[in-house]
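J.: Dropping a structure here in structure tokens format, bear with me for questions.
The values are calculated or read from the model by the stated rules, or taken from the named source; none is laboratory data. Since this is a predicted model, take the numbers as computed values, not measurements. Every residue, glycine among them, receives a Cβ derived from its backbone with ideal geometry; neighbour counts consider all protein chains shown.
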Amino acid sequence: MKSIYDLPTPAFLADVDVMVENIKEMAKLCEQHGKELWPMVKTHKSVAIAKLQHEHGAKGFLVGTICEAERLVENGFEKIMLAYPLANPRNIERVISLAKKAQIILCFDNCDSAEMVNKLSKGTILEYLVKIDSGLHRFGVPPYESANLVDRLHRFRNFFFRGIATHPGHAYTKRDIEELKEVAKQECRSMADARENLQASGYEPQTVATGCTPTVRFILSCTDVNTLRPGNYVFYDATQVALGVVSVERCALTVLGTILSHPCEDLYIIDVGSKSLGLDKGAHGVALMNSYGIVKDHPELVVESLSEEVGKIRTVGKSSLKIGDKVQIIPNHACSCVNMTSFLIAHSKDLVQGLISVDARGSFELI
């Protein structure tokens, strides 16, 4: 077998041993705590990885795009949740088509988008979740408005109320485990309040879903939640390390690069730029890191800046690297990193095992 260090660069790598262990661990945690696992596909956008998640206990999948949903349904997956409301007629038509082949669960936080879906549903019965705002203030209604929205959606006879969902993405504005625990408490409390509000009006949510990798371990004990939808856990990344969620050893995704130049003692130039790593230093306007990635096995190196195809790596102390050497960089944000490639190179103990297609990135037919 070929070593990863014999590959052309930049190369997007997935350590399959670490990745599978991450997948197994999350499935086991959900099983132990009586939660259904519906992973968010936007992290990996790969049918092959979705199959691994399904083999290890995933009951269904959460998708961020219609393309992701289409690829999953084409490959035999039958339980799909949409993360966001619909408002584009063409996207609605695509979802209606999918709903004739699989269980597609929509989400709403307003009546206008629901009315658009209803007009195009052509009698197709559609399940939906009400989106709850648990603190991110992006999508969702306040918990005390959950029953009110279901009341207003009740006039659409093609819709079947299934439950509630939230995404505590503001966890990514925090800086340590203690702050993440507070977000998890808020997350649990919001879903409990929304559920009570619904029950008081005669609605019993079958699904109470939440999901965010940084808080998922702290929400496992929340008895009001029965469905978890994390995504990033399949790879983890430098953001999760910075938050204290995992150690570097749990990060399965890296970008391999070659040192191209050494213009001065404390500076290296590498053939990995923003088109490989992205420009994230933290989500929602919060900078958690002072680097554009973690250089594995080289704590003395900081990815200081990125052009499109190359990056500057600054040394803090001494380094033995020389021109031609290859290093692996853990991206700050695995989800956006994967979206920049059509395939990942699977490896085990630095030996190439094959390719993992990133085949749900996006495509559609013009009509």
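J.: Which pairs do you get when a residue that is under 19 Å from residue 64 (Cα atoms), found in the range 350-365, comes within reach of a residue that is in a strand (DSSP E or B) and at pLDDT 95 or above, reach meaning Cβ atoms under 8 angstrom, with the pair 6+ apart or on two chains?
T.: These pairs meet every condition: 357/343; 358/343; 358/344.
J.: Residues being surrounded by 22 or more Cβ atoms within 10 Å (Cβ to Cβ) and of a type in the set (A, V, I, L, M): count how many of those fall in the range 302-337.
T.: 6
J.: Residue 309: among the acidic types (Asp, Glu) and within 22 Å of residue 345 (Cβ to Cβ), yes or no?
T.: When the stated conditions are applied, residue 309 passes them.
J.: Let me ask something else. Contact list please: Cβ distance under 6 Å, first residue in the range 246-263 and under 25 Å from residue 22 (Cα atoms), second residue among the hydroxyl-bearing types (Ser, Thr, Tyr), pairs at least six apart or on different chains.
T.: Sorted first by the residue in the range 246-263, then by its partner, the pairs are 246/236; 250/236; 251/236; 255/276; 256/9; 257/9.
J.: Is the range 222-236 home to any residue that is over 21 Å from residue 43 (Cα atoms) and surrounded by fewer than 17 Cβ atoms within 10 Å (Cβ to Cβ)?
T.: Scanning the range 222-236 turns up at least one residue that is over 21 Å from residue 43 (Cα atoms) and surrounded by fewer than 17 Cβ atoms within 10 Å (Cβ to Cβ).
J.: Quick one: which residue in 76, 64 is of a type in the set (Gly, Ala, Ser), at pLDDT 95 or above and more than 20 Å from residue 231 (Cβ to Cβ)? Before the answer, list the steps.
T.: Numbers: 64 fails: more than 20 Å from residue 231 (Cβ to Cβ).
The unique qualifying residue is 76.
J.: Then there's this: Confirm whether residue 323 is among the β-branched types (Val, Ile, Thr) and out of contact with any Lys or Arg (no Cβ under 8 Å at 6 or more places or on another chain). Outline the logic, then answer.
T.: Values: among the β-branched types (Val, Ile, Thr): yes; out of contact with any Lys or Arg (no Cβ under 8 Å at 6 or more places or on another chain): yes.
Criteria met by residue 323.
J.: Considering only residues of the range 288-303 that are touching a strand residue (DSSP E or B) at 6+ places or on another chain (Cβ under 7 Å) and free of Cβ contacts under 8 Å to residues at least 24 places away in the same chain, which is farthest from residue 238 (Cα to Cα)?
T.: The initial filter retains those residues of the range 288-303 that are touching a strand residue (DSSP E or B) at 6+ places or on another chain (Cβ under 7 Å), namely 290-296, 298, 300-303.
Cutting the leftovers down to free of Cβ contacts under 8 Å to residues at least 24 places away in the same chain gives us 290, 300, 302.
On the way: 290: 11, 300: 16, 302: 12 Å.
For the range 288-303, the residue satisfying everything is 300.
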